Structure formats: C-alpha cells, structure tokens
1. Order of 694-700, 811-817 by packing, highest average Cβ count within 10 Å first?
2. With each label point set 7 Å from Cα along the Cα-Cβ vector, what nm distance links E613 and N94?
3. Calculate the dipole size of the range 222-323 relative to its Cα centre from +1 charges on Lys and Arg beta carbons and -1 charges on Asp and Glu beta carbons; express the result in debye to the nearest 20.
4. Expected output is a single nm value to one decimal: the length gained when fully extending between R371 and R551, i.e. 0.36 nm times separation in residues minus the C-alpha distance. What is it?
5. Going by Cα centres, the range 535-560 and the range 113-127 are how many Å apart?
6. Please list, in order along the range 479-488, the HN-Hα scalar couplings obtained from phi with the Karplus expression 6.51 cos²θ - 1.76 cosθ + 1.60 (θ = phi - 60°), rounded to whole Hz, x for Gly and Pro.
7. Just the accessible area per residue of the chain, please: how many Å² with a 1.4 Å probe?
8. When the label point is put 7 Å from the Cα of I12 along its Cα-to-beta-carbon vector, which residues of the range 93-127 have a backbone N closer than 20 Å?
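The values are calculated or read from the model by the stated rules, or taken from the named source; none is laboratory data. The shown structure was predicted, so the numbers you read here are calculated from the model rather than taken from an experiment. Cβ: placed from backbone, ideal geometry, glycine included. Neighbour counts: every protein chain shown. To get the accessible areas, we keep the full protein, side chains included, count just its heavy atoms, and leave off ligands, DNA and RNA. Shrake-Rupley method; radii C 1.70, N 1.55, O 1.52, S 1.80 Å.
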Amino acid sequence: MPAAAPLTDARIVAELRRMLQTGRQALLGKYQAGGSPAALLRDLARLVDRTLQQIWGSLDLDQRLCLAAVGGYGRGELYPASDVDLLVLLPDDNTTNWRPAIEQLIGLLWDTGLEIGHSVRTIDDCLDEAARDITVQTALLEARPLCGNRALFTDFAARFRQSLDPQRFFRAKRLEQEERYAKHNDTPYNLEPNCKENPGGLRDLQIVLWVARAAGLAQNWPRLAASAVISPAEARQLARTESFLRRVRISLHLLTGRREDRLLFDHHEALAYSLGYAATPARRASEVMMQHYYRNAKQVTQLNTLVLLDLASRLEARPSVPPIVIDDDFQMVHELLDIRTADLYERRPEALLRSFLLLSQRNELKGMTPRSLRALWHARGRIDPEFRRSAQNRANFLALFKEKRGLTHQLRRMNQFDILGGYLPAFGRIVGRMQHDLFHVYTVDQHILQVVRNLRRLSLPEFAHEYPYCSRLMAAFPDRWRLYVAALFHDIAKGRGGDHSRLGRADARRFCHDHGIGKENTALIVFLVEQHLTMSAYAQKQDLADPEVIRLFAKMVGTEERLTALYLLTMCDIRGTSPKVWNAWKAKLLEDLYRMTRRVLKGETMTPLAGIEERGEDARRLLRLRGLQPGVETALWEQLDTGYFLRHDSEEISWHTLTLYYRPDAARPVVRTRLNPAGAGLQTMIYTRDQPELFARICGFFARLGFSIVDAKIHTTRHGYALDSFVILDAGNTLPYRDMIGLIDHDLAEHLEQQPALPALRPGRVSRQVKHIPLNPEVSIRSDEGKRCYILSITAADRPGLLYAIATTLAKHHVRLSTAKIATLGERVEDTFLISGTELGKTATLVQLEQELLGVLQV
C-alpha cells in the first residue's frame, strides 16, 4: 500500500475510526443476514489488517521493525469483542531507539478504536519467553506478518520452528487441558458454561490444531484429514461443531457488547432467540438451545479425545512390543485394550459391550488404543433394535453392574461415546437435558451417573471414611448391583411430562423383564425408582418425633432390605444434585428416620416415649463427664415436655443443661453459640421468657448479620420460657464463624431483652439462577389430625431475609410457632412450620394469611 502523509490531524484519526466502525457494521449486517461465522471472523480480521497496514504506512516508522499478528488474530480469526493481539518484532534489543515510534504507533491504534494487546520483543526475547511459557509459545505458533520487515519475520519463523519440540509442546498442552478441565469440574455440563474454556468448548478444538501445527501435520480440518490423522467424515463433524460454537460466541459478544464467553442465565433466553431457537409447548427456547449446546460439547470432547490419542501415538513413539492376545477379538497393547481386526465392531457389533466388560474385568487394562476407541465410536450406529434384543448383549450389559470395579468409569465412557444412550434410548433422550429446579447443577444424565458414582464409592474400602455408617450398610447389602440399576433409572423419565417417578418405574420394570431379572429383584428396583423421593420428603418435611409418621413410613417401605436400599439411594441422590445441597443436618435427618423405621420393622413399638429414657441417660452420662453432680438437671428437666426430648439428641440436651441447670428461671435472656458439632456453621441456643414476635425478632437479627437459618427447633417450656435452637450458615462463606460467637451471644441477648419494634428489612439480592429460572411459590396450610395445630408448608426461591419476611407475616397475624423445619435445596427452600393461633380456625383468616405469604415469597 503506498505511503501516505503522517497522521497528525485528529480529523484523519476520526475518519479511520469511522471507516473501521462502518466496515464492522457492514460485516455484522452481512452475517446477521445469513452469513457464515467463519466468513465473519475472517473478514473482521482482514478489516483490522487493512486498518493496521494503513496506519503503519502513514507513519514514518523505521522499516527494520515488523508488526505481526499473534494468537487468535494471528490465526486469521477475530470475534466482535476480542482483543487484537500484536507483536512488534525488534531487530535488536536497543529499545531506546525504538520506543518513541512504538509509543506513537500504540497510541494511535487505541485512538482509532482498536482494543489491542501487544508485546514488544526481539527474536531472542520471543524464543526465551516461549521456552518458559506455553501460552506465549502457543500465541507465537500462529504468528503471521502484517507490516514492516518481512525478512525479520522470516528469520523469526525459522528460528521459532527450529526451537519447537512437538513432543514437549504436546505434553504441555495436554497438561494445560487437564488443568483447564479441573477448573471447570471436568464436565461440559455446567449450567453456565464458558463456550471457549469449558470442556467441549472452542479451546478443545483449538488444542487439536495447535498440536497438529506444531507437529507439522496441518493447520485446518481438511488438511488434517489429508494427513490421515482424521477421516473426511470426522473433519466435517469437527467443522460443524466448531461452526456452532463460533455462532454461540459471536452472538454472546453481540448481545452483551463485550468479550463475554459465559452462557450466563441472564443471557439464555435472548441468546436462544438470536440463534433461532423457539419455545415448545413443554420447554423454553433456552432449554432447547442448552440441550443442543451440551450435545455439541459432548461431540467436541469425543473428537478431542480421539484425535489427541491419535496424535499422541504419532508423537510419543513407544517401543514396539508384541500384543498379548486376550481372545479371538481383543488383545492388549501397552496396557490398552486393542481390537485385533479394524472391522471388528462392524462385523460383530456384540463386541461393543464386551469392550467395556473386559475393561472392568481386567485390572491391567488402563483404557483403549486410539484405533479401538475410534472404531467403537464409528460403530455406535450398529446399536439398533436387533442389537438391544440380543440375549448376549443384554447379559453383557447387566454383567457390567455386577463387576467389582469400573462401573462408574465404564458408564461414563459409554455415555461419552454415545453407547449408553444407544443401548438405552430412554437415557439418550435425557443426555444434555437441563434441570430448571434451582438445586440440580448437572444435566439429567450427569446427575444420574453422579448418583451411581456415589453408591459405588460407598462400596469401596478406600472411601469408607467419608460416610462410615452408610459404608457399613453398603458392605452388608447383598447384590448391590440392584442399587446401581435403580440409580440408572431413577430420573430417566425426566422431561416427558407427568410424574417422572412413575414413568421411570415403567421403564425400570421393562428393563428388568428384558434382562431376565428375577421377580424379587425386579420388585426392589421398581420400588426404589418409584419411591426415590419419598424418604427425603419424610425426613425434611414431616415431624420425626411423631410415632405415627414413623409407622406410616415403615408401612410404605415394608421390609428392612427396602429401607436400607432406599436410605442409601436417597443419600446418594441428594449428594448428586449439587455440592451445596448436602449437609450434616440432612444427613442426620435421614439417619434418624432410618434408625427409627428399622426399629419399627424389627417389631418394636414406637410410642411417644420411645428412646427418651435412653436419650436422657446418655445426656446424664455426658453431664457427669463434665463434672456435674447427679440431680443438678432435675429442676430444668421438670419444665421440659416429651416433645423436647424427642427433638433433641443427648449431646444437645447435655449442652442446654450445662448452660441452664443453675438458672431455669433466668431473668434475662440467655444466648449461647458454638461451632456446629454436626457440620458447618454455628449452633445458637436461646433461652428467654416467651415474648410476642420472638421468632421474627431472631430471624431478623440473623438476617442482618448475613446468616441463613438452615434448622430451627422451637420449644416452649411448661413455665413459659422459649428454649430454641438454630443452626446458621454464612451463605457467602465470608464471615469468620469463631469470631462471630461472642458478638452473637452478647448482641442477640441484648436485642431480645430490649424487644425493639420489628424493622423493615430491605430485600436481599437474589442470585442470577433465581432471576432466570422461574419458580412459582406455593403455600399450603392444613390442620393436623387433632385439629389443634396447623401445618404450614412453603416452597419458594431462596433469597436473603426470606425467613424473616415469613416470620414477620406470621407475627402480624398473632400466629404462634411450635416447630420449624427449614430445608434449603440449592436456591430452593421447602420449609414446614407447625403453627397455632385463635384466628386460624376462620377460613377468611387462612385465605388472607396464604395471600400475604405468597406476596412476600415473590422474587
């Protein structure tokens, strides 16, 4: 391009800026009218190329300098909001000579409106930095000259290529990918994935081309196919998956107006419509889009695995060893399972499932050879109705569940390469399906496999320390494979409409019939699938101190084997929803329900006094260990009724007694806080003369400090004192628990003594998940069987201060609270309160209370 006069006039800079913006708008308009993402990225890069060349040519720059594009821009791709990565290549390290010209250039680039990232290096600097930093080496790998000294760039490219060690580069990129995967929880199925960095994102495709380029094989998919690293069909699949991810990233940049690569809930709906997705009668447009995204991500991880394995075999030459023959179909090569003939799976499709069975059966096998894995993936279409009807295939699939090792790994591998969804079409339908319920953080298929994994860990000695009691139960449970089958089917019917437990029951029954599972085992599996939510509902919503509740649950379960199986499945199911949902309190509720129900099933009579005597004696023993004399507890215990001893364990009773035995008629409120012995957070005991609005006042105090109440035990003594116990957590995980103990004890006691008016609490900030996953609140008030109290059940999206809002509404209607069961499931709350009040017998009062509660529950 001919040189122009130096750009000293601000009007000329403004003109360049205008031309750049006009060119961008024209290219974006062409793309939005139906253009391809590859063309847009290429044309945006070319537009910036021309702008840079015009600026360079207009400046009086020393022609010994060279301006080069690096990184993604060097690759010839530029996303709408991406930085323009540049390298100013110097002929020597005398930076004093070059600094004024470079500063002028960089300033002008910013003035023109280019978002640049730049480095200034000599060739030696580049090589040194590349040797130390794989990120720099990768950026330089894609460098291309733009302006200036071409001979200098040619020298750089030759020396860089000479210094590049393909094997070392591959090992570094593979480690980098492993670290990136770990950062994103080793799954492409996060609810807010990063379309660039997440497993299954653009980076997974780029790493393949980087390694291929470093090895001198190819720079794009067609050339990689020409090098016989991938097949032409795989090249087309790679191009399709890449094109989809490019569209997603382009749309995110245009939608947000910045470099945003995360599919945040805030953008799901708008992004879906911009990509052309439409809502269906059963699913929102964003759900349809996200399932497509997850399936595309899954295919990316499949291809990434296959191609990197092939590249590894080319780059990391291993000594040739004779294969060890396993049978007519398989052999072992370097501890990897290998097919003996390339067309094995096409000739004998039954070998597909046998591959996974062999991997489970033989400890020495660490995986599959690249050619075997690729052949398996290409043969996945051979799984048809005839394949599913084969008695041998059914036997092999069921045998996987009965092996002592490897089930979780094999199911995940089968899911990754579409074998599991092919063999079980019902499972294939839930692959990549999101769960809009505020507490599942995985797609349905990933959640199911997580539950199977949790059950398997209970059976392994090396993990027995995690949940010792459940591990003991699992060790004694016969035919554990039945639990794994039930776990595979427990959520398999989600998304079909209707009760997924009942629909899944039918699927499980059909599977058991087809696979020759006996009547008794079928009955257990079907029972577990149908009732997999029941134990959690009883434990978290029912009053476990009521013998009738335990009796009804025991009647539903029927046998001790079913009880144990349901307990283990329920525990692993809750843990498999989200790391935030499971806690020590839920563990205690489930274990208490399990133990009490087992006693009933063994023939013991559950009465209101069952276990109280033993609990009291154990509490007395703990008091003696703390140095208290026999009988000191009597004055306090005479004021406590049966309900108190039923709802507190011996350790809590001894703690309360140790604090209160010498002051059962305390004139001032007593508040004691400690680190929660049952898990995270704090436990606070409050003992004071009962007062109006007490529960609301306590809730407001904790809300102002930033704590969430996850458990509340409310009790009123015979002589009119409130003895309440709360478990509180810092939702933001920022408060120092130990340092807060003294503050809570002092300030809450003073607050309760002064009894100030209830303040209005400003609504807390809700999470993005709550904002964008709608949950209609539900309120139910029904009388108990004795018509003396009412059971208030609330389901709503969680937010700071929610419990205080509920408590103030109850206080406004002079409703008295007897017990509270607070269940927080991720971003969803399911709370149950036992309430009473003279006005609750009036229908009009109940209707008004329900309406007001619904009002405060709205986000």
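1. In descending order of packing, they fall as 694-700, 811-817.
2. For E613 paired with N94, the spin-label model returns 10.1 nm.
3. Working: 15 positive and 9 negative charges, 28 e Å.
Computed about the Cα centre, the dipole is about 140 debye.
4. So the chain would gain 59.0 nm between R371 and R551.
5. 68 Å
6. Karplus-based 3J(HN,Hα) across the range 479-488 equals 6, 5, 4, 5, 5, 5, 5, 4, 4, 4 Hz.
7. On the way: 37710 Å² over 859 residues.
Here the per-residue accessible area is 44 Å².
8. 100-114
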